[in-house]
């Protein structure tokens, strides 16, 4: 069952429209990556999907095995209204850390930056991401490249490449992790784009 405190927090944010990270469409780094994908049968998970514009874009491009996860029912219902033919079984109202499955691709849209940035949370994220990937699967996405302050209330939380790799590297091999060259103008210089695979030793 989803963590009720986190569930209530995010439901309130969505209902009050306090979702400044939401730009109303898939952002360029992920859209550009999706445009390069050829295998329409791959299984794709989008955790912490929110309004899930990336999922909508994938559907429009013919991908069938797309799973949209959020801890709050509110954005999932909004997504369903916009995409009434989307399979209900692929809308997951779940706590990411309790989810079980195996995926070819997990798309990350600053989901990591939504958790209170403790060592416990960030290590658990990296370990569980690796566990959810098939042996040849990939974690691909965007992380905010902004200072991590001591304010534990102001989400999304930030970090930099070195800090993120501290948590990701024990479980995931880095294919690329660099400053986004194609961020939308308001976010230019504040995003990292990464592609990771599961470590063979994990």
| request: Could you tell me whether segment 150-160 includes any residue that is in contact with a helix residue (DSSP H, G or I) (Cβ under 7 Å, 6 or more places away or on another chain) and at pLDDT 95 or above? | output: no
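A quick yes/no check of all residues on (1) in contact (Cβ under 8 Å) with a residue 12 or more places away in the chain; (2) under 21 Å from residue 115 (Cβ atoms); (3) surrounded by 14 or more Cβ atoms within 10 Å (Cβ to Cβ):
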site: 128; (1), (2), (3): yes, yes, yes
site: 141; (1), (2), (3): yes, yes, yes
site: 144; (1), (2), (3): yes, yes, yes
site: 149; (1), (2), (3): no, yes, no
site: 156; (1), (2), (3): yes, yes, yes
site: 159; (1), (2), (3): yes, yes, yes
site: 176; (1), (2), (3): yes, no, no
site: 188; (1), (2), (3): no, no, no
site: 191; (1), (2), (3): yes, yes, yes
| field | Failed item in (1) closer than 24 Å to residue 64 by Cα; (2) more than 12 Å from the chain's Cα centre (by Cα), with residue 107 passing the rest | value | (2)
| field | Flag if residue 111 is in contact with a helix residue (DSSP H, G or I) (Cβ under 9 Å, 6 or more places away or on another chain), closer than 22 Å to residue 32 by Cβ and touching a residue at least 60 places away in the same chain (Cβ under 8 Å) | value | yes
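The values are calculated or read from the model by the stated rules, or taken from the named source; none is laboratory data. Treat the numbers as computed from the prediction; the structure is a model and nothing was measured. All Cβ positions, even for glycine, are placed from backbone atoms using ideal geometry, and neighbour counts span all protein chains on display.
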